[in-house]
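Presented below is the structure to which this report refers.
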C-alpha cells in the first residue's frame, strides 16, 4: 500500500510539473518560431536581425522578418521603418519591387515585408539593403550588403511587354508544392524607372503547367491568376505527380491583350516566360 | 433410352445433391455434357477424378481450360495470364474467386487476373454461374467463376502421388510437377508443385513474338483434420510466383507477380435432418505485382509500376433441404486494400523522379448475404429463386492520392457507401426429350477500383489514359435467359440465349479538354455512365454419337453488344468449333476444327479494328498404360494449329497473333 501511495504522489507531482511547463509555453509564445536568422546588419547604435523561413535570401519573392536591437541586445519597440534594396551592377544600380513594412500582428518588435529580387548577387555584383528608422522621433540609417542566392528553379521573370513597358513577375505560392491542387499566388510589378517599381492591377496571368520530361503533358483544372482583394494575383495550379514542372505563363492586360507569353501547343513547347517547380 | 433416364435422374439428383458429386461420379462424357448443358447457370469444366482423362491436353494452361467454355472468352495480352471475359463482359463485371475467396488482382492493367494464381493440376473444377446467380460472393452483372481446388478426404487411402511433365515445341515450354497426398482416417495432407518455363512463341508463318516468355512456380498445399464424424477443419495455402513474364501486346512486362493465398475452413455436416452442411471459411491473401520495362529497348521514359492488394475475408454458408426445397444461405464479407504507384525516371539525370499513385490506397469493405432455394414442384417443373443484398463501402485512404483525385473532383470526400441488391428466378420444365429453361434476374455491382479511383491508367488498346470517377452510380442489369435442350438417344442439341440490359453502363468517355499524361497517348477518358447498354449472347451446342466410340460434337457462339446504337468493343463474332472424338479402350484421339467469321460488328468508336476470319485445325492422341494396379502412365500428344495459320481473334489485345503450329507432349505417371 505504501508503495502504491508513494507512486501516486510521485505521479501527481509529475503531472503538476508537466502542466506547469505547458503553461509557461502558452504564456510566452516565441514569435520567432519557424524563422531562421539570415544575417545581422549593424550600424551603431542599432542592429537589425533579418529572418526568413529558410534562413536565406533568394532570387525571387522573399518574405522577410526583422527585429531592431540596441548594442546591448535589447529589442526596440515603437520603431517606424522603411527599406530600400539596391543592386550594384558593374555599370549601373537598380532597385527592385518591395512592399512597405508592417508589424507582425500581436508583436511589438517583429516587423515584416517582402522583397522581389529579380536577380541574384555574385562576386562582382551585389545587393545592399538600407533601413531608415525613426526611433523616439530621431532618424537613423542602418544598411549593409546582403547575400541574395541564385535559385535552381526559376521563380521570377522580367520581361518587356508588347506595350513596351518592363515588368517583373514573381511566384509567391506554392512555396512547398504538393501533389494535387495548390493555391498559387504571384506578384506583378511594372518598372517605372530603375529605382521605382509599382504594382500592376487588373491584369490576368494565364498558367499552363507542363512536364517537359514526360511528353510535355499538362494537368487539368488549373485556375488562372487574377487579383481578388489584394495586390496578389491568386489562382490554382494542379500537379498530377511529383517531379519537375514548368509553369508556362501569359500576361494579359485589362483588355485581355497578351503582353507577353505564348500558348503551349504541339509545335510550341514552351512559353518565353515561365516559372519552375520541382518536388 | 437408358441414357435419357439416367440423365433425368442426374438432373433431379442435382437439385438435391451438392454440385461436386456428379462431377466426380459421372464417367460418361455425353451424360456429363448433357448435364452441363442443362444447368443453364452452372457449367462444370473439369471433373475431379478424371481430369487427366477428359482433357486432351492435360497440362494446358488454365486459360485454355476456361476458354473451352462457351460463356468465356480469354482476353490475351501475351502467352500468360489471360483475362476471362464472361458473357462478353470484362472482369470488372464478374466475380472471380478461388474456393469462394475474394482476391483482387494487383495490376492496374489487368495483367494478373485471379485465374493466373492457380494451376490446372490443382484444380478440381470451375463453377461458372451466369449473371445474377453468381452474386453469392460479390456484386456481379456478368456472373461468377469459382475455381474449386482438389483436396483429399479422410478416407484412409494412404499415400498417392503423381509426377507429370510436359513439353511444347513452339515456345519450348517445359512443365514439371508433382502431386503427393496422404489420407488417413483423421487427417489428410496434399501438396503439389508445378513449374513452367517458356520462351517466346512463334505465330503462324514462324513470326517471332518477342516478349512472350514466362516462368511460373505454383505451390499449393491443403491439410485436413477430421475432428469427428461431423466436424472437420481444413487449412490451405497457395503460393504462386511468376517471374520474367512478357506481355507482347503491352508496352511493359512483368518482373514479378506473386500471390500468397491462405485459408482456414471449418465444416459441420449433418447438423439436422434438414440442414446438411455448415461451411465457414476465413481467409487472407496478398498479391504483389511489379511491372517492368527494363527489357524494352525503346521507351520514351523508364518507369516502375508496382501494385499490391491485401484481402481478408470470411464466408459462412448453410445448406439444407426440406420437402420440395433445397436451399443455401451465405453470409460473406471481405476487406481489401489496393495500392499502386508509378515512378518515372526522367532522361535528364539531374531532374527528380516523377511519382504518382495510380490506385490511391483504396480500401473496400464488403458485407453481403445471399440465399437460394431450389424448389421441385413436380416431376416436370422446378424453380430456382435467389435473392441477395450487400453493403459496399470504399474510401481513398492515402492523402497524397486523395489530393491527386481532388484535382479532378475538388468536392471528393474520402469514402462512399453503396447498397447493392440482386434477385433472380429461373424455372425448368422437363418432359420427354425436352428440357426447357427460362430465367429472369436483376443484379447490381459497384464500380471497380480502377473505375472509381484509377489515376491516369494507360490503356494500350484505345491508347487513352483513364481517370476514375468516384461519383459513379451502381451499374444495374436485367437479365433474361432461355435455353432449350432436346435429348435423343444418340443426338442432343441445346440452344441458349441470354440478354442483358445494363443500366448506367460504365465505360470510358474521351474528355477533349484533358491532356494525356502518357507519352504518345491519344487523350484522356474518364469513366462515365450510359443510360443503357445491351448484350446478347447466343449459343448452339450439339453432339452426335456416330458409333459407340466415335462422337461428333460442335458448337456455335455469337454475341452482340450495343450502347446507344454503337457497337461495344471486344465482343465475340460468330465463332464455331467442331470435334470428332474417338475413344476406345485406353486410346483417345481427337481432331478439332475451330474458327470465327470476320468481326462485322466492332467497337469502331472505341478504337477497335475488326478481327479477321480464321480457321485452325488441332489434333490430339492419348494412351493410358496400366502398368500395375497402382501405377499408370498417361501419354498425351498432339498438334495445335496444324496448318500454322497466322491469326488473331477479337479477344487478342492489340490483335497480337496467337501461337502458330505447336507440338506438345504430356506425360503423367500416377502412383
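The values are calculated or read from the model by the stated rules, or taken from the named source; none is laboratory data. Everything numeric here is computed off the predicted structure, so don't read it as measured data. We place every Cβ from the backbone using ideal geometry, glycine too, and count neighbours over all the protein chains shown.
General observations
- Pairs with Cβ under 9 Å, 6+ apart, first in the stretch B:405-417 and closer than 17 Å to residue B:517 by Cβ, second assigned to a helix (DSSP H, G or I): B:405/B:453
- Subset of the stretch A:228-279 (residues that are within 14 Å of chain B (Cβ to nearest Cβ), assigned to a loop (DSSP other than H, G, I, E, B) and within 24 Å of the chain's Cα centre (by Cα)): A:242, A:243, A:279
- Only one of the numbered conditions (1) more than 30 Å from residue B:458 (Cα to Cα); (2) under 26 Å from the mean Cα position of the chain (by Cα); (3) in a loop (DSSP other than H, G, I, E, B) is not met by residue B:645, and that is (2).
- Identity of the residue in the stretch B:591-632, in contact (Cβ under 8 Å) with a residue 60 or more places away in the chain and touching a helix residue (DSSP H, G or I) at 6+ places or on another chain (Cβ under 9 Å), that ends up surrounded by the most Cβ atoms within 10 Å (Cβ to Cβ): B:622
- Qualifying residue in the stretch B:353-364 (condition: away from chain A (no Cβ under 14 Å) and surrounded by fewer than 21 Cβ atoms within 10 Å (Cβ to Cβ)): yes
- Cross-chain or 6+ apart pairs with Cβ under 7 Å, the stretch B:246-264 first and closer than 30 Å to residue B:315 by Cα, then in a loop (DSSP other than H, G, I, E, B): B:257/B:112; B:261/B:103; B:263/B:99
- Boolean, residue A:171 is in contact (Cβ under 8 Å) with a residue 40 or more places away in the chain, crowded, with 18+ Cβ neighbours inside 10 Å and part of a strand (DSSP E or B): yes
- Scan of the stretch A:174-214 for residues that are surrounded by fewer than 17 Cβ atoms within 10 Å (Cβ to Cβ) and on the phi > 0 side of the Ramachandran plot, ordered by number: A:202
- Taken over the stretch B:520-537, the criterion of being surrounded by 16 or more Cβ atoms within 10 Å (Cβ to Cβ), within 14 Å of chain A (Cβ to nearest Cβ) and farther than 19 Å from residue B:468 by Cβ is satisfied by no residue.
- Among the residues making up the stretch B:400-416, those that are at the interface with chain A (Cβ under 10 Å from one of its Cβ atoms) and in contact with a strand residue (DSSP E or B) (Cβ under 9 Å, 6 or more places away or on another chain) are B:400, B:401, B:402, B:403, B:404, B:405, B:406, B:407, B:408, B:410.
- Selection of the stretch A:131-143 for residues being surrounded by fewer than 16 Cβ atoms within 10 Å (Cβ to Cβ) and assigned to a strand (DSSP E or B) yields A:132, A:134, A:138, A:139, A:141.
- There is at least one residue in the stretch B:192-213 that is at pLDDT below 95, in a strand (DSSP E or B) and closer than 23 Å to residue B:633 by Cα.
- For the criterion of being within 30 Å of residue A:242 (Cβ to Cβ) and within 14 Å of chain A (Cβ to nearest Cβ), residue B:309 fails.
- Residue count for the stretch B:340-352 under the criterion of being within 7 Å of chain A (Cβ to nearest Cβ) and at pLDDT 95 or above: the result is 0.
- Close Cβ contacts (under 9 Å, 6 or more residues apart or on different chains) running from residues in the stretch B:326-347 that are at positive phi and in a strand (DSSP E or B) to residues that are modelled with pLDDT under 95 and crowded, with 20+ Cβ neighbours inside 10 Å are absent.
- Any hit, the stretch A:195-213, residues being in a helix (DSSP H, G or I) and under 16 Å from residue A:243 (Cα atoms): yes
- For the stretch A:214-227, taking the residues that are in a strand (DSSP E or B) and within 14 Å of another protein chain (Cβ to nearest Cβ), the one that is modelled with the lowest pLDDT is identified as A:217.
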